[in-house]
Amino acid sequence: GEHAIVDWSNYMRESCCVYLNKFGDMGKIGGEGVIVEIDESKFGKRKYHRGHRVEGSWVFGGREREDKRKCFFEVVEKRNKETLLEIIKRKIVKGSIIISDCWKAYDCLESEGYRHLTVNDSENFKDPETGAQTNSIEGTWQKIK
């Protein structure tokens, strides 16, 4: 019934992530002056089918703002600085303008050769000073969940 459909949907979503990670790597995204939005999101089941998602996998992703076909998504075991930075270095060209939330794991991006802008989602959806926002990647999560 309903549980089988949800399980099948979750299985297919994870299968797509595995396929894209294995065969969908068409090189790095971004470039000098190119905006790349990054974010992480949890995919999985809601406990008792309501409230916040608590069981499932974390997925880290990035998406070019102008060419939305240029993106990447990876299932991550840990959301720590080392894990996310390794993916960023592998997937995003240095010199890119990376926009993220204020997660502390991203604090080192400037010293790694990227321009880094942040937006505090709990206060604004768009930074009033820099205009930084992560609406593109946030919209992507809604579509693939």
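Against the criterion of being modelled with pLDDT of 95 or more and surrounded by fewer than 18 Cβ atoms within 10 Å (Cβ to Cβ), SER57 does not qualify.
The number of residues in the stretch 63-75 that are surrounded by fewer than 16 Cβ atoms within 10 Å (Cβ to Cβ) and of a type in the set (A, V, I, L, M, F, W, C) comes to 1.
For the stretch 87-109, filtering for residues that are farther than 13 Å from LYS28 by Cα and loosely packed, with under 12 Cβ neighbours inside 10 Å leaves 1. Could you check how many residues of the stretch 6-39 are in a helix (DSSP H, G or I), of a type in the set (A, V, I, L, M) and at pLDDT 80 or above? Looking only at that region, the number is 1. For the stretch 40-49, taking the residues that are part of a strand (DSSP E or B) and of a type outside the set (Gly, Ala, Ser), the one that is modelled with the lowest pLDDT is identified as ARG46. I'd like the full set of residues that are closer than 23 Å to VAL34 by Cβ and not in a loop (DSSP other than H, G, I, E, B), limited to the stretch 50-75. Hits for the stretch 50-75 are VAL59, PHE60, GLY61, GLY62, ARG63, GLU64, CYS71, PHE72, PHE73, GLU74.
The values are calculated or read from the model by the stated rules, or taken from the named source; none is laboratory data. The model shown is predicted, which means the values in this text are computed figures rather than measured ones. Glycine also receives a Cβ, built like all others from the backbone with ideal geometry; neighbour counts cover every protein chain displayed.
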